[in-house]
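Engineer: The structure follows.
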Amino acid sequence: MGYRGLIETFRRFLPVTEKTPVVSLLEGNTPLMPSGYLNSIVGTGFEVYFKFEGLNPTGSFKDRGMTLAVSKAKEAGAKIIMCASTGNTSASAAAYAAKAGLGCVVLIPEGAIALGKLAQALIHGAKVLALQGNFDEALSIVKEITARYPIVLVNSLNPHRLEGQKTAAFEICDTLEGAPDYQCIPVGNAGNITAYWKGYQEYKKQGLVSSLPKLLGFQAAGAAPIVNGRPIKKPKTIATAIRIGNPASWKQAEAARDESGGLIDSVTDKEIVDAYKLLASKEGIFVEPASAASVAGLLKLARKGYFHRTSQITNRKLKIVCILTGHGLKDPDRAIKIVHKPKIIKADLKAVLREIGY
Ligand code: AN7
């Protein structure tokens with residue numbers, strides 16, 4: 001069968017033809033991991049799963065959208081792609097541009113993106129400009145430039161991004177042999193929640209699943225425009241990936257929330273860090289802080305009895321999928337900040353034994 005990226009796997013659901021030059025790093029097909037510890041907290045009537053999108057080639061879910069956006073840009077004869085980014089989009093765009101032989105320009109908020117993501121964008125050869133401003137300002141400049149010059153926008157306003165990202169919903173349904181009952185997901189620019197909803201709906205229309213999940217989106221409390229009902233001028237959170245005050249897909253995210261019967265709520269930085277530590281120490285999964293927002297949200301709702309309240313009584317376990325959007329190695333500084341530093345001791349057998357209690 002050979003190696004296949006998601007365009008090959010889901011070709012019939014995507015806007016590609018034989019003429020489309022497929023630019024792929026073999027993204028997608030990420031594992032859906034059953035939870036151990038978290039499951040015991042949520043309760044016996046539920047099965048909790050993690051869709052670990054941090055295992056995509058550049059370490060985040062952005063690769064799903066980028067394979068299609070870059071393939072279509074190449075098909076259209078583009079020479080340069082451009083995006084604004086809190087980090088992961090720029091890393092992914094830079095990698096796929098490198099593979100495609102295209103130029104790549106990224107605007108990032110100065111001092112506000114995680115170290116790993118910056119390293120990626122730079123090593124893949126993108127032109128990286130650090131803006132003295134936030135993500136929302138960067139995006140508005142990118143929109144203006146790409147509207148006027150022959151440069152292709154690869155933020156999630158590019159519809160091919162969301163087409164590619166919807167394939168994660170297909171994979172979840174294929175693995176579970178049906179749609180989950182609930183899906184927890186972090187919300188930043190709100191493209192991903194929009195893409196998942198599109199994916200689930202398409203699978204239902206095709207008769208491949210018989211039900212749809214409730215979508216439960218989570219913003220960081222200091223960057224929660226959808227929850228608060230107004231744009232946030234100066235969004236603040238340690239989860240830099242979702243430090244976004246005026247999401248591009250705001251309306252579509254609200255539609256996904258309402259049509260699915262779900263909700264969009266906020267989680268505090270403390271709740272995010274607690275979930276981040278819990279995933280690493282109890283599940284063995286290292287994610288970046290923004291990704292832990294989905295688990296922080298799950299824990300918040302579980303505490304409030306949300307799942308028992310909203311679930312129909314059934315004779316089967318209800319399935320909850322948490323989307324883990326990016327790898328923990330993206331943001332090593334955050335991990336180092338919240339752990340105990342290693343103790344420095346002599347290179348001596350006895351000294352080591354003493355430290356480990358013998
Ligand atoms: C790890 O890279 O917006 O709601 O510019 O990197 O679809 O924006 C990243 C977003 C969640 C939010 N988790 O997804 C960017 C960028 C991680 C992310 C989100 C992002 P959207």
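Every number in this text was worked out from the coordinates using simple rules, so none of it is lab data. Quick caveat: nothing in here was measured; it's all calculated off a predicted structure. Counting neighbours? That spans all protein chains shown, and the Cβs are built from the backbone with ideal geometry, glycine included.
Engineer: Using unit Cβ charges (K, R positive; D, E negative) and no other charged atoms, how large, in debye to the nearest 20, is the dipole of the range 87-237 about its Cα centre? Working shown, then result.
Structural biologist: Numbers: 15 positive and 10 negative charges, 77 e Å.
Here the size comes out at about 380 debye.
Engineer: In addition: Provide the convex hull volume over Cα atoms per residue for the range 151-239, in Å³. Mind showing how you got there, number by number?
Structural biologist: Details: hull volume 11.1 nm³, N = 89.
So the per-residue hull volume is 125 Å³.
Engineer: Follow-up. Can you list the HN-Hα couplings for the range 16-33, worked out from phi with the Karplus curve (6.51, -1.76, 1.60; θ = phi - 60°), rounded to whole Hz and with x for Gly and Pro?
Structural biologist: Listing the rounded values in order: 10, 10, 5, 7, 5, x, 7, 9, 9, 10, 6, 6, x, 6, 7, x, 9, 9 Hz.
Engineer: Further, regarding this structure: For q values of 0.07, 0.09, 0.10 Å⁻¹, compute log₁₀ I(q)/I(0) with the Debye formula on a Cα-only model of the chain, without solvent.
Structural biologist: Computed log10 I(q)/I(0) values: -0.29, -0.48, -0.59.
Engineer: Kindly provide the pair-distance distribution of the range 165-297 built from C-alpha pairs, with 5 Å bins from 0 and whole-percent values in order of increasing distance.
Structural biologist: Going from the shortest bin to the longest, the percentages are 2, 12, 21, 21, 19, 14, 8, 3, 0.
Engineer: Along the three principal axes, how long is the range 121-201 when you take its alpha carbons, biggest first, rounded to the nearest angstrom?
Structural biologist: Here the spans come out as 45, 26, 25 Å, largest first.
Engineer: Starting from the Kirkwood Rh over alpha-carbon pairs, what translational D in µm² s⁻¹ does the range 1-159 have by Stokes-Einstein at 37 °C and 0.692 mPa s? All intermediate terms of the calculation are to be shown ahead of the outcome.
Structural biologist: Working: Rh = 16.7 Å.
The Stokes-Einstein estimate is 196 µm²/s.
Engineer: From the phi angles alone, apply the Karplus equation (6.51, -1.76, 1.60; θ = phi - 60°) to the range 263-280 and give each ³J(HN,Hα) in whole Hz, x where the residue is Gly or Pro.
Structural biologist: 7, 10, 10, 10, 10, 6, 4, 5, 5, 5, 5, 4, 5, 4, 5, 4, 4, 6
Engineer: Also, I was wondering about something else. Read phi for every residue in the range 138-144 and hand back ³J(HN,Hα) as whole Hz from Karplus 6.51 cos²θ - 1.76 cosθ + 1.60, θ = phi - 60°, with x for Gly and Pro.
Structural biologist: My calculation for the range 138-144 gives 4, 5, 5, 5, 4, 4, 5 Hz in order.
Engineer: Using all C-alpha to C-alpha distances in the range 249-345, build P(r) with 10 Å bins and read off the rounded percent in each one.
Structural biologist: Whole-percent P(r) values from 0 Å outward: 14, 38, 31, 13, 4, 1.
Engineer: Hey, another quick one. Taking N as the number of residues in the range 182-234, what is its Cα Rg relative to 2.2 N^0.38 Å?
Structural biologist: Against the compact-globule rule of thumb, the ratio is 1.37.
Engineer: Select from THR146, TYR203, LEU6 the residue farthest towards the positive end of the dipole of the chain; place +1 on Cβ of Lys and Arg, -1 on Cβ of Asp and Glu, and compute about the Cα centre.
Structural biologist: So the residue we want is THR146.
Engineer: Take MET82, MET66 and order them by how many other Cβ atoms sit within 10 Å, fewest up front.
Structural biologist: Result, fewest neighbours first: MET82, MET66.
Engineer: Please compute P(r) over all alpha-carbon pairs of the range 98-163, binned at 10 Å starting from zero, and give each bin as a whole-number percent.
Structural biologist: Bins of 10 Å from zero give 18, 50, 31, 0 percent of pairs.
Engineer: For LEU318, list long-range residues whose amide hydrogen, built 1.01 Å from N in the peptide plane, is under 5 Å from its own amide hydrogen.
Structural biologist: PHE46, GLU47
Engineer: Have a look at ILE338, HIS327, SER281 and report the one farthest towards the positive end of the charge dipole of the range 270-341, computed about the Cα centre with Cβ charges (Lys/Arg +1, Asp/Glu -1).
Structural biologist: SER281
Engineer: Could you give the dipole magnitude of the chain about its Cα centre, charging the beta-carbon of Lys and Arg +1 and that of Asp and Glu -1, in debye to the nearest 20?
Structural biologist: 380
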